[in-house]
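See below for the structure under consideration.
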Amino acid sequence: MSAVTGSADSTLVLAKIGKTHGIKGWVRLISFTSPETNVANYRHFQGASKGLKSQSLALEMDDHKLQGNGLIAHFKGYDDPETARQLTGVELAINSAELPTLPEGEYYWFQLQGLQVVNPRGECFGEVKELLETGANDVIVVVPNQNSIDDQERLIPFLKERVVLKVDLDSKQITVAWEADYLS
């Protein structure tokens, strides 16, 4: 499973631009990809900021490098700290069609968000709100919806074949070996 979040519509946010770094227009990147350096696999982004609600920026990352525990990048045309500072807080998005195709049985996190979660008996626990990376395994955060058997939020480990029996993107459903009375 790959940790890229977003919506299946058209654009996916891969990173957010942080503070400036140095005097040549470099900026810190807060990557949402796993591993975090995967954001550097892309050069062209659509940038959007809450302050630029109706504006979208076409940004080209022309260089990047690891710096300490994080990643810094340079964007074409932003060659000094004053200009680069305008990018602080901008989210970097790509079109979902640009993502590599995953092997059979693997999914991007955004593909699982919103799917119904049911057990083999057809009991609905709700829908996937988000996924958490815990180190040992990923965890599905399931929140109740109108079809749920109760109003419990559940944390279900994403363990293929042991807990997650089937992911059906077409029917928007995940079948899990889980019971209503299991502790979350």
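The values are calculated or read from the model by the stated rules, or taken from the named source; none is laboratory data. Keep in mind it's a predicted model, so treat the numbers as computed, not measured. Quick reminder, even Gly has a Cβ in these numbers, built from the backbone with ideal geometry, and neighbours come from all protein chains shown.
Quick rundown of the values:
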{"item": "Condition broken by GLU60, with the remaining ones in (1) surrounded by 15 or more Cβ atoms within 10 Å (Cβ to Cβ); (2) modelled with pLDDT of 95 or more satisfied", "result": "(1)"}
{"item": "Qualifying residue in the stretch 82-97 (condition: in the same structural domain as ALA15 (by TED's automatic domain parsing), touching a Lys or Arg at 6+ places or on another chain (Cβ under 6 Å) and outside any loop (DSSP other than H, G, I, E, B))", "result": "yes"}
{"item": "Some residue of the stretch 36-58 being outside any loop (DSSP other than H, G, I, E, B), out of contact with any Pro (no Cβ under 9 Å at 6 or more places or on another chain), free of Cβ contacts under 8 Å to residues at least 40 places away in the same chain and within 30 Å of ASP170 (Cβ to Cβ)", "result": "yes"}
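Every residue, every condition in (1) of a type in the set (S, T, N, Q); (2) within 30 Å of ALA73 (Cα to Cα); (3) under 12 Å from the mean Cα position of the chain (by Cα); (4) loosely packed, with under 13 Cβ neighbours inside 10 Å, yes or no:
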| site | (1), (2), (3), (4) |
| --- | --- |
| THR101 | yes, yes, no, yes |
| PHE110 | no, yes, yes, no |
| GLN113 | yes, yes, yes, no |
| VAL117 | no, no, no, no |
| PRO120 | no, no, no, yes |
| ALA136 | no, no, no, yes |
| ASP151 | no, no, no, yes |
